[in-house]
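Asker: Sharing a structure below in C-alpha cells format, with a few things to ask.
The values are calculated or read from the model by the stated rules, or taken from the named source; none is laboratory data. Remember, predicted model here, so these are calculated numbers, not experimental data. Glycine also receives a Cβ, built like all others from the backbone with ideal geometry; neighbour counts cover every protein chain displayed.
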C-alpha cells in the first residue's frame, strides 16, 4: 500500500467511525494531515510531507514532539511502573507535587492531579466554592477553560454552552480586560474570578497593563479567590515560567496541563495555597480521579520540568519570541490590507486579519508552504502561532518566509479550489537533543 493510498484509507475510516464532518472540513482547508513521524518542532504527514507545527495541539508540545529525554523517561517508567492505584499514596505524585511547588510562583504549594485541563478547572472551582462557602464564579467573555461541567459553565463562547443548558448556576461573565466591569459584579457572594492571563482561544488577547494586578486587588477586597488558567500560557510559553509573572501577580489557585505531559501522556495539575488545603483535611476523598496524576504520567512530567530548567527553555522561548514578533510586525506593516495587528508574548502569537474568512483561508495557504497553523475558534479572524519552544532561528525564519509567501498566494487569488503547489517531501531525521476559503467548525481544538 502506497503512502497516499494508506492516507486515504485512514481518512475514510476516521470519517466512518469517528467524525465525517471533521474530515470534510480538514480536506477543504488543506489540513487533512494524518500525523506520522514527529520530532522537535516538526511533524510529518504519513504521505511524507513535512510541516512546522505552529499549532502544537493548542500549546501542548512546549518541549518539542518526542523530546529524546522525555521519551527515555517514559520508557524507563514503563519498565517498572504502571498507572498506580489512585487510592494509595504515590512516590511519583509526591515528587511531582514537590517540584510544582518549587517552580510555581508565590506560596502555591499544594496540588491535586487530573488527566486533562477541564478536570483541573473543575477541581479549581470546587475548591473555591468549598473553601469560601460562596457560590458565584466570574469568568470572561471569549475565555476558554474546557468542556467539562464547571469548566463549560465558565466558557466564554455561547455556542459551546447553549446545547447543554441549563448548566451550573451562579456563573457570571464580564469582558476580558475591563477591570471596571469586573469590579462591578464582585460582592460577598463571589467565590472566585477565573481567567487566562492571556486569552488563547479568544484570539491571543493580552490584557491592558495593570489589569491582572487590579483583578488581584479587587478579589482581595471582597474576599474572593483568584484562579488563573495557565494551561496554554504556562511552562515557558510566554517567555516566563508562568504568564502571571509578567505582572508579578500570584493567584490563589493555578491550573496547568497540556505541555506538562511532554507530548506523551495526559496529565493536569491544580496548584493552590496551603491555606486552601484546609478544606480538604476533613474531606480527603471529596475529589477523585482514577488516572489523574498516574505514576507513569508523573514520571514523564518530572522529566519535562527538568528539561525546561536544565536546557534554559524559558529563556530560549523569550529570545525566539523576540525574533518571531520582529518578523511578524514587519510583515504586518507591509500588508495592512491583510493584517491589522500582531499581539502576544514569547512564542504565543496572534495575527489579527482584517476579516473572519482570512483565518481559514490563511490556514490553507500556510499549509501549502509547510506550516501547520490554525485560527482561533472564538475569533476566526485571528491566526494562533504557538510553535514548540525548541524552535530555532532557522525555523523562525522559515515560518516568517512561509507567512509572506502565503499572503502573496492569498492576494493572487489562489485558493483550495486550485491545485496546490508542490511541496517538498522529506523524511524525518531523528533528533538527538532538544534543539535549544474553507470554513472550519465553531471552535478549533484546544
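To keep it simple, each residue is scored yes or no on (1) crowded, with 22+ Cβ neighbours inside 10 Å; (2) over 23 Å from residue 245 (Cα atoms); (3) at pLDDT below 95.
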site	(1), (2), (3)
96	yes, no, no
101	no, no, no
124	yes, no, no
131	no, yes, no
139	yes, no, no
149	no, yes, yes
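Asker: Inside the stretch 243-274, can you point out the residues that are in a helix (DSSP H, G or I), touching a helix residue (DSSP H, G or I) at 6+ places or on another chain (Cβ under 7 Å) and at negative phi?
Answerer: If the condition is that a residue be in a helix (DSSP H, G or I), touching a helix residue (DSSP H, G or I) at 6+ places or on another chain (Cβ under 7 Å) and at negative phi, then 244, 247, 259, 260, 261 are the ones that fit.
Asker: Any residue at all in the stretch 333-340 that is over 21 Å from residue 198 (Cα atoms) and not in a loop (DSSP other than H, G, I, E, B)?
Answerer: Yes, that holds for at least one residue.
Asker: Output the number of residues of the stretch 1-35 satisfying the condition of being over 28 Å from residue 414 (Cα atoms) and either in contact with a helix residue (DSSP H, G or I) (Cβ under 7 Å, 6 or more places away or on another chain) or crowded, with 16+ Cβ neighbours inside 10 Å (or both).
Answerer: Result for the stretch 1-35: 1.
Asker: Only one residue in 367, 381, 333, 373 is under 17 Å from residue 206 (Cα atoms) and touching a strand residue (DSSP E or B) at 6+ places or on another chain (Cβ under 9 Å). Which one?
Answerer: Being under 17 Å from residue 206 (Cα atoms) and touching a strand residue (DSSP E or B) at 6+ places or on another chain (Cβ under 9 Å) holds for just one of 367, 381, 333, 373, which is 381.
Asker: Restricting to the stretch 215-240, what's the tally of residues that are within 14 Å of the chain's Cα centre (by Cα) and either part of a loop (DSSP other than H, G, I, E, B) or outside the structural domain of residue 150 (by TED's automatic domain parsing) (or both)?
Answerer: 9
Asker: Among the residues of the stretch 77-91, count how many are surrounded by fewer than 17 Cβ atoms within 10 Å (Cβ to Cβ) and in a loop (DSSP other than H, G, I, E, B).
Answerer: Residues in the stretch 77-91 being surrounded by fewer than 17 Cβ atoms within 10 Å (Cβ to Cβ) and in a loop (DSSP other than H, G, I, E, B): 7 in total.
Asker: Looking at (1) more than 18 Å from the chain's Cα centre (by Cα); (2) outside the structural domain of residue 76 (by TED's automatic domain parsing), which one does residue 277 not meet, given that it meets all the others?
Answerer: Status for residue 277: all satisfied but (2).
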